[in-house]
Every structure is written in structure tokens, then in C-alpha cells.
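**Q** Submitted below is the structure of interest, expressed as C-alpha cells.
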Amino acid sequence: ADTPQSNQETRLHLAAEVLHRFGEVRFVAHGSSMIPAIYPGDLLTVRSESIANARSGEIVLFLLGGRFFVHRVMRKWPERSRVVFATRGDALTQEDPSVDGSQLLGRLTSILRRGRPVKFASRANPWTKFLRWGVRNSATFAKTLLAAHLLRSRILGGSAQESAGSPGKQLQECA
């Protein structure tokens, strides 16, 4: 019998395999740890990258505790014969547990929101820094941003599935 845990493991394995074989995977964001850069429902494209190329400020996909995370690299350093990363969601106050380079799967290369590309950069402008500070320091501010996003989505329409292209195209959704 399929359990939610086995279904999740199958999806993770499938997405990692697609990324490994084809160098790129697309999936719909579900969490809110990366607002204001990434909102739930955004269609993300991740390209397989060498860990040597990952830089501070870039958004990466990694596997931690049996789950996918899409968070920003805060810093990296050599430790023994490996590379270790500190990552954090833009809306979170604390960094994730250290990520070994072998857990890093790829780098975010595009975000589509309501069918339109979203510009994102590793260096934040003052407005973006303010928004990140706001969501990290105020649950009310974060909820307000999410509510405004939901309202915009309802008014303007469009979804990640529509922006993926033809109706027959399947998306790997990672929770």
C-alpha cells in the first residue's frame, strides 16, 4: 500500500533523477520560507550545478532530512575533504542546519509567477532588503505579504500549471 511517506520519497527520488539525467527540473513552490523572493504557487526551474559554482546569495535546491528545500546560500567553507554550506530561507530568522555539498542538487535559474518571469538577483536592492527584514521580524508583515499575493493571484488569474506550457506537461511538485 502506498503511504504518504512512500509517495513523498518516490517524488523526491524522481525529481532528483530527472535533475541528474536531464540537468533541469521544474516544480511548484509550496512553502513560504522564501517570501518575498518566492511565493507559494511559483513555478521554479532548477539546473544541476557543481557545488564549486554555488555562491553566497544564490538560491539553491538541496535535500535535508528527506525533504527538498529551496533556500539562499549564506556562505560556504571547506571542512576536511568536503564543502559545507550555510543556507536560510529569506523569511526565516535562523540558518538551516549545515548542508554538505553532496546534498546540494542545483541552482534556481528561473521563477514564473502567474505565467510571467520574475527577476531575482543574488544581490538585494534596498527595497528587497527591507521586505526580507520585514518578513523575518514580523509574522503580521509576512501574513500581509502572503495575503496580498493571494489577492493579486485571484484578481490577475493565472497559475503555475498554466505557465508550464501545454496542458499535457507534467510538473514535479515538491512539498
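**Q** Separation between the R21 and R154 pseudo-spin-labels, each 7 Å from Cα along Cα→Cβ, expressed in nm?
**A** About 4.1 nm, to one decimal.
**Q** Then there is this: Using only alpha-carbon positions, what ratio does the radius of gyration of the stretch 38-127 give when scaled by 2.2 N^0.38 Å? Before the final figure, lay out each step's value.
**A** Details: Rg = 13.1 Å, N = 90, 2.2 N^0.38 = 12.2 Å.
In units of the 2.2 N^0.38 Å rule of thumb, it is 1.08.
**Q** If you don't mind, there's one more thing I want to ask. Please give the peptides 139-148, 73-82, 45-54 ranked by average Cβ packing (other Cβ atoms within 10 Å per residue), highest first, as a rough proxy for protection.
**A** On the way: 139-148: 13.6, 73-82: 11.6, 45-54: 15.9.
For the peptides 139-148, 73-82, 45-54, the packing ranking is 45-54, 139-148, 73-82.
Where a number appears in this text, it was derived from the coordinates with a stated rule and is not lab data. Just so it is clear, the structure is predicted and the values come from calculations on it, not from any experiment. So basically every Cβ, Gly included, is an ideal-geometry build from the backbone, and we count neighbours across all protein chains shown.
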